[in-house]
């Protein structure tokens, strides 16, 4: 882990929001301190008691308080739990450690209470340990110290421990996301440099972009993760160069791409309800984003989730067999492909492969083969040199009329009407 300190790890605004509320709710004094026991922030509206302020009123008292905090934070870090201690002035305080990836950063100090009303023994010890102070004044200040029972103090310490752990986890998540954004920034830079080195001509209009977008959506419908992710990388790079990094335009296109991808995922077999929920959450997140690398990171993430949901294979058996079957179909769709030929390729029985398609993909072998062929037909018909008859033969249909029937079932119009609409 890279070098960290409590100042860079904790978000001051969020720290004040959460622990400040804790202080207000409990009436307890709270401070954030570093490994050396130095106070970084007094949280909430509960300032140090008059007693503590008086004890710290000279350098000697300040040093003793600092040493007490340092010792307490170190002890808390050893056990990774709240550590109760009596400071040099006799009051009760507890320290909750802040530990990240086994690295101790500091602690949250809480308390400054007494467990019972001060008695004669307490006053004697107070006088002995603070001979540098006016004892009469010190004795008057004792009345400003709150009284909390041992049970109340323990409950407050336990609650504070939970709150601090929540803060640590939240900030770890934030740091992990920031690291992911930095990686995304480097990847974007790498994509652009690779294009320059390869003398790849950048697209000049949105017609090319939309053409690539349609191809990308077809890969999602087919559950082809490898090609989908590769095409997405190219799409986002095209978008960045076309818009010259204009955040407003990129935001619009990213929201649009996520919406189209969600529908392609549902068409490919994903459950519509969770997909729409994910899309709504994505839209809400993107609305608050300002950096381009965050836009790209978020859209990559949600499309991965859409792909995960298409066939729901992640936690199922026979993942390798089904994926191999799908890849074989996508590479040989134009041939007179059969269930038996595919099963033979995988060294399993046709009945077993048929059962896997129904169980894992919720469709038949022929259903999936037809879906692949129709997607390929859509791509080919965008090329003016291919007639409908040639497209039909190129994707493995012997009968043009049957191809027209199947195409209309999946796309909604006949191949001829679809092709004429393109030109």
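Let's see how each residue does on (1) in a helix (DSSP H, G or I); (2) within 20 Å of residue 270 (Cα to Cα); (3) modelled with pLDDT under 80:
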| residue | (1), (2), (3) |
| --- | --- |
| 289 | no, no, yes |
| 302 | yes, yes, no |
| 309 | yes, yes, yes |
| 322 | yes, yes, no |
| 326 | yes, yes, no |
| 334 | no, no, no |
| 340 | yes, no, no |
| 343 | yes, no, no |
| 352 | yes, no, no |
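Answer with yes or no whether residue 404 is over 26 Å from residue 271 (Cβ atoms), at pLDDT 90 or above and in contact with a helix residue (DSSP H, G or I) (Cβ under 8 Å, 6 or more places away or on another chain).
Working: over 26 Å from residue 271 (Cβ atoms): yes; at pLDDT 90 or above: yes; in contact with a helix residue (DSSP H, G or I) (Cβ under 8 Å, 6 or more places away or on another chain): yes.
It is true that residue 404 is over 26 Å from residue 271 (Cβ atoms), at pLDDT 90 or above and in contact with a helix residue (DSSP H, G or I) (Cβ under 8 Å, 6 or more places away or on another chain).
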Which of the residues belonging to segment 356-370 are more than 14 Å from residue 323 (Cβ to Cβ), at pLDDT below 90 and surrounded by 15 or more Cβ atoms within 10 Å (Cβ to Cβ)?
-> 363
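Yes or no, residue by residue, for (1) within 27 Å of residue 120 (Cβ to Cβ); (2) crowded, with 20+ Cβ neighbours inside 10 Å; (3) in contact (Cβ under 8 Å) with a residue 60 or more places away in the chain:
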position: 13; (1), (2), (3): no, no, no
position: 17; (1), (2), (3): no, no, no
position: 52; (1), (2), (3): yes, yes, yes
position: 66; (1), (2), (3): no, no, no
position: 69; (1), (2), (3): no, yes, no
position: 72; (1), (2), (3): yes, yes, no
position: 88; (1), (2), (3): yes, no, no
position: 94; (1), (2), (3): yes, yes, yes
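Take segment 29-41 and flag every residue that is within 22 Å of residue 99 (Cβ to Cβ) and in contact with a strand residue (DSSP E or B) (Cβ under 6 Å, 6 or more places away or on another chain).
Result: 30, 31, 32, 33, 34, 35, 39, 40, 41.
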Which pairs do you get when a residue that is touching a residue at least 24 places away in the same chain (Cβ under 8 Å), found in segment 258-273, comes within reach of a residue that is part of a loop (DSSP other than H, G, I, E, B) and surrounded by 19 or more Cβ atoms within 10 Å (Cβ to Cβ), reach meaning Cβ atoms under 7 angstrom, with the pair 6+ apart or on two chains?
-> 268/223
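Any idea which of 115, 133, 123 is in contact (Cβ under 8 Å) with a residue 24 or more places away in the chain, in the same structural domain as residue 30 (by TED's automatic domain parsing) and more than 27 Å from residue 19 (Cα to Cα)? Walk me through how you get there before you give the answer.
On the way: 115 fails: more than 27 Å from residue 19 (Cα to Cα); 123 fails: in contact (Cβ under 8 Å) with a residue 24 or more places away in the chain.
Just one listed residue meets the conditions, 133.
The values are calculated or read from the model by the stated rules, or taken from the named source; none is laboratory data. Because the structure is a prediction, the values reported are computed rather than measured. Backbone-built Cβ (ideal geometry, glycine too); neighbour counts: all protein chains shown.
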